Structures are given as structure tokens and as C-alpha cells.
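One structure is given here, and the rest of the page talks about it.
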Amino acid sequence: MASLPSIEFVAKDAPAKGVLVVLAGKDAGLAAGAGDAVRSLVSRAAGIAKFKGKHLATLDVLAPADVDADRLLVVGTHADKPLTDEDWLKLGGIIAAKTKGASEVTIHCERADGDVSAAEAAMLAAGASLRAYDFDLYKTKSSRKNGEDEPKVASKIALAVADVAAAMDAYAVQEAIAAGTMLARDLVNEPANVLGPVEFADRIAALSQQGIDVEILGEAQLRELKMGALLGVAQGSPRPPRLAIMRWNGGPDDEAPIAFVGKGVVFDTGGISIKPAGSMDEMKGDMGGAAAVVGVMRALAGRSAKVNAIGIVGLVENSVDGNAQRPGDIVTAMSGTTIEVLNTDAEGRLVLADALWYCQDRFKPKFMVNLATLTGAIIVALGNQHAGLFSNNDELSDRLLAAGIGAGEKVWRLPLAPEYDKMIEGKFADIKNIGGGRAAGAITAAQFLQRFVNDVPWAHLDVAGTAMGSPANEYNQSWASGFGVRLLDRLVSDHYQAG
Ligand code: BES
Ligand code: MN
Ligand code: ZN
């Protein structure tokens, strides 16, 4: 994996080393602390280049002689609205990218209108780290440009801040969240020949090092639990399924947990209702929901969040062999509901049916949020910019919407209604696993899931368009985005953690 920059925080009056980065506000205004020489140079250069200090605009200048740095990078921070957390991540990303290859960078964390807060500096540093992420595990030296590692960012980034201790504390939190995001990215980017259900479960088991309790259920146990819906999907692959249960107990012993549930289809061929060949390779990412659940558990543990949280992921391969389930098969889910499998490619909802039922049955959580790369239809509706949100609870839904804006992982609510529920009524069984043709495909999938939540407050995030293949941005250059980790971590820190 491409190496991440080393991040450190230094006092504001420490001498700058390497590339000096200064933050410009409206009309390229700099903080007084930037020094007279730098300020007058930047003001002249900004005039020539028509640099106005707009958020994410940059201006490269040679450093004046009396500054200990060799290069000066001016980065705009001016916007009409106050900068969001995501805006700070983006600033970190752009700075990291513009200084790639430098051995040292010093970022002067002050703006014309005052200091950059510890939280903002931490976010900026996290953005630089996330920008460095590159899934290059399988690129041998000879296929890399120049035959060697191309640096993605600077190797060492120092942030000169007003309060070093406060910034370090804030960064410890952001670093844990970024590690969760990068873990999710890794899992999604990993090809399915490497990451089957068993290997995925092994990676989860390794999280016990972070203080997470991990339980892995194998095929025999799933059979005992009567998870007929999940097992039906798994039966077409020689690779056996797993159900992984993660527990982070950071809250009071007697407090009910919150729960995250993920679709972990390590590869989705479609089964007998096989998918067309074009872009089928992308179905290695059909475990993006599960990856986000694992990532957020890693984040919560890494920052010792004061919350009790459960993560459950159903891990299967939807493949096709002589034993694969057929269209028309009827399976019985753990809840007792019978399901007509009319399309074996609508497999995610079958996996989640049993994972959701098991979750509420065993843990009686305060709420469940599930994440799944569930439908192509959600991409038609929302593209790659918002995940679909479906919920039986307005409070939970509103909190997710707000957390999404804060974290820069946006969601958009779509409806659930009895009229849509009717569309999944079965002919030979209680329900069927597809709705009516192409109409309301993302909604009928959500209605299907709702049949298995037993009235527990619940939200479903359809991340088919956001977990992977979303356009690269300032802090993500990878196919897999790690979408959901920052969002759910934010949901927890905004509403569900003690202290
Ligand atoms: N994993 C797919 C959904 C998907 C599509 C995710 C594209 C990411 C990118 C899911 O299992 C699926 O195949 N859904 C079908 C449902 C249909 C058969 C009712 C779909 O969306 O076409
Ligand atoms: Mn499918
Ligand atoms: Zn799928």
C-alpha cells in the first residue's frame, strides 16, 4: 500500500521546513502571523495570478529569501459559508496532492480571521492521509511508472498550530476514523479470488486486536439458526458462508447497543439469473456495505467511543454451480417468512433478511442501520453523489441526513409505503424477492428488508452508487471510497455516545 505521510503538530512559531503552506482568505488575505515578507510577496503574486483565495484554489510561489522554506504554497480557504468538516478534509487532500514528492511540508494553520481550531487542523491532516491512500498491492515494480513507487503525497507533514496538545488529541480521533475508512477501502478494492467469505471473516477476526469482540458463525451454525434465505444464496458457491458479529462495548454495561448490519456478497455473478459480462468485475465490490460496517467498528474502537455497538455482516458468494438456487425456489428465512426467489440476482436482500432478523432477535438494539450495495436502481435515481436512505423512523432518518452533510457522505431519503409493500407479495410464498419489473426497484428492495426488522427503529442505506466507482475527489482517489464509515461514526458522535 502506498505509504501514508507522517503527521506531526508543532508550535506556531517553530521554523517552517521544506514547503511552507499558508492559508489565504478573502482576496488572498493572510494571517498577520505569516510574517511581513510572506504577506507582501503573496499579495503581489496573487495580484498577478488573479488568485482570490477561493476555497481549494492554489498558488505556487518561490519562498522569499528570509524564510527557511524553499517553496511557498498558498491555499485558498475562502467560501461564502463557514467551512464544513468535509471542506477541511478537502483542503488537506489538495495540500497533500500539491506537495507530493516533497520530503517535508509545514502548514501554517492560521487564517486572516483567526486560528484554525484543533478540530479543523485534525480534519485537514486526516484529509492529507486519505489522499495518500492508493490500492497498489498488486502492482509489481516493473509496471509502475519509472519502475519505482510514485509518491502520492509529501512524506512528512507538520501542522503549525496554536495548541499542539489539543490538535494531537483531535487528530487521534480523526486518525482512527481515517483508518476505518481505509480498511473499508481495502476490503472493497481486494479482488474476490483473494477475499472470499472465509478470508473476509479472518480479517474481521483480526480486529480483536483493537478490543472488538468477534464471533464468526460457520455454515452449520447458520443452518441451526435456520437462516434459509442467506444459505440459499451461498449454496451456488463452493466457498462456504460466514456471519460475523463484532461487538464494541465502550458504553455502560446495562445500555442497549446500537447496531450496524452489512451486505457482504464477496462477488455477485447474479447466480442462475446471471449478470451480463460487461463490468461484472465491479461485483467484487458487492460487499461495500459490510466493509463500511467493519470500518466503522474499527473507527469506534480506535477512538475508544463511549458507546455499545454491534456490527453484523453476512458474507457469501453469489455464484452459479450445479447446486445453485433456481428462480422459483422457495426458501424460509430465520423469521419464518417464506420467500419465492424469482431472480437469483436479487440476493443481497436475502442475505440481509437473515442478518437483520438475527440482529434484532439476539441484541434488542436501540436501532439498526444496514448498508448494502443493493440495487442498480439507486444509481439510476441518485447517481454517485447520495446514498439512498429508507427508514421506518423519522428521528433516525433526520439524524442520518444531518450526519451525512456534516461528514460529507450524503444520503437522500426515499419513501416506504404500503402500496410498494404490496408489490412484493408472493404468489406461492409470503413474499417474492423482486417487485414489479423496473418500477421503484430501490424502494421494493427496501420494502423487502423492512419485512425483517420487526418494528425496531431501522434505516437502510443503499450504497450501490457511493461505495465504489464514485468520482475521485480531493481526499479519495481510490475506486472504493469507504463510504459510510465517516457517516456512521458521525451519527454516533452526534447522538449516541456518553460524555
Ligand atoms: N449487487 C447488485 C446491485 C448493484 C448493481 C450494486 C450495480 C452495484 C452496482 C444487486 O445484487 C443486484 O443485482 N440487484 C439487481 C436487483 C434486481 C434483480 C431486482 C439490480 O439492481 O439489477
Ligand atoms: Mn445481485
Ligand atoms: Zn448484489
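Under 30 Å from Leu124 (Cβ atoms) and either away from ligand 3 (no atom under 16 Å from the Cβ) or not in a strand (DSSP E or B) (or both): which single residue out of Leu352, Leu371, Leu356, Leu389 fits that description? Spell out the reasoning first.
Details: Leu352 fails: under 30 Å from Leu124 (Cβ atoms); Leu371 fails: either away from ligand 3 (no atom under 16 Å from the Cβ) or not in a strand (DSSP E or B) (or both); Leu356 fails: under 30 Å from Leu124 (Cβ atoms).
Sole residue among the options that is under 30 Å from Leu124 (Cβ atoms) and either away from ligand 3 (no atom under 16 Å from the Cβ) or not in a strand (DSSP E or B) (or both): Leu389.
Count, please, the residues in segment 327-339 that happen to be more than 16 Å from ligand 2 (Cβ to nearest atom) and open to solvent by less than 10 Å² (accessible area, probe 1.4 Å). Can you show your working first?
Applying the first criterion (more than 16 Å from ligand 2 (Cβ to nearest atom)) to segment 327-339 yields 328, 330, 332-338.
Adding the requirement that they be open to solvent by less than 10 Å² (accessible area, probe 1.4 Å) leaves 333.
So the answer is 1.
With the condition being aromatic (Phe, Trp, Tyr) and within 22 Å of the chain's Cα centre (by Cα), I'd like the strands (runs of 3 or more DSSP E) fully within segment 163-271 carrying at least 2 qualifying residues.
Correct list: 258-268.
Any chance you could count how many residues in segment 20-42 are within 26 Å of Val10 (Cβ to Cβ) and touching a helix residue (DSSP H, G or I) at 6+ places or on another chain (Cβ under 9 Å)?
Applying the first criterion (within 26 Å of Val10 (Cβ to Cβ)) to segment 20-42 yields 20-25, 28-42.
This time we only want the ones that are touching a helix residue (DSSP H, G or I) at 6+ places or on another chain (Cβ under 9 Å), so: 20-24, 28-32, 34, 39, 42.
Qualifying residue count for the region: 13.
When you check Leu356 against the structure, is it within 17 Å of Ala445 (Cα to Cα), in the same structural domain as Ala192 (by the TED database) and either within 12 Å of ligand 2 (Cβ to nearest atom) or open to solvent by 40 Å² or more (accessible area, probe 1.4 Å) (or both), yes or no? Please lay out each step first, then the result.
Values: within 17 Å of Ala445 (Cα to Cα): yes; in the same structural domain as Ala192 (by the TED database): yes; either within 12 Å of ligand 2 (Cβ to nearest atom) or open to solvent by 40 Å² or more (accessible area, probe 1.4 Å) (or both): no.
So Leu356 fails the test.
Kindly establish whether Ala472 is of a type in the set (Gly, Ala, Ser) and either farther than 16 Å from Ala355 by Cα or open to solvent by 10 Å² or more (accessible area, probe 1.4 Å) (or both). Step through it out loud before you land on a result.
Values: of a type in the set (Gly, Ala, Ser): yes; either farther than 16 Å from Ala355 by Cα or open to solvent by 10 Å² or more (accessible area, probe 1.4 Å) (or both): yes.
Considered against the rule, which asks whether it is of a type in the set (Gly, Ala, Ser) and either farther than 16 Å from Ala355 by Cα or open to solvent by 10 Å² or more (accessible area, probe 1.4 Å) (or both), Ala472 comes out as yes.
Considering only segment 115-152, state which residues are among the polar types (S, T, N, Q) and either closer than 13 Å to Met182 by Cβ or at pLDDT below 95 (or both). Write out each step before concluding.
The initial filter retains those residues of segment 115-152 that are among the polar types (S, T, N, Q), namely 117, 129, 140, 142-143, 146.
Listed by number, the residues that qualify are Ser129, Thr140, Ser142, Ser143, Asn146.
Do we have any residue at all in segment 327-348 that's modelled with pLDDT of 95 or more, in a helix (DSSP H, G or I) and within 16 Å of ligand 3 (Cβ to nearest atom)? Show your work before the answer.
Residues of segment 327-348 that are modelled with pLDDT of 95 or more, as a first pass: 327-348.
In the following step, the residues that additionally are in a helix (DSSP H, G or I) were identified as 348.
Adding the requirement that they be within 16 Å of ligand 3 (Cβ to nearest atom) leaves 348.
Yes, the conditions are met somewhere in segment 327-348.
Looking only at segment 246-289, filter to residues that are surrounded by fewer than 23 Cβ atoms within 10 Å (Cβ to Cβ) and of a type in the set (A, V, I, L, M); which one of those is farthest from Val369 (Cα to Cα)?
Across segment 246-289, the extreme among qualifying residues is Ala277.
Kindly indicate which of Ile245, Ile274 is within 16 Å of ligand 1 (Cβ to nearest atom), over 30 Å from Asp136 (Cβ atoms) and at pLDDT 95 or above.
Numbers: Ile245 fails: within 16 Å of ligand 1 (Cβ to nearest atom).
That would be Ile274, the only listed residue that is within 16 Å of ligand 1 (Cβ to nearest atom), over 30 Å from Asp136 (Cβ atoms) and at pLDDT 95 or above.
The values are calculated or read from the model by the stated rules, or taken from the named source; none is laboratory data. A quick note: this is a predicted structure, and the numbers were derived from the prediction, not measured. When we count neighbours, we look across all protein chains shown, and the Cβ atoms used for this are built from the backbone with ideal geometry, even at glycine. The area values use the complete protein model at the heavy-atom level, side chains included, leaving out ligands, DNA and RNA. Shrake-Rupley method; radii C 1.70, N 1.55, O 1.52, S 1.80 Å.
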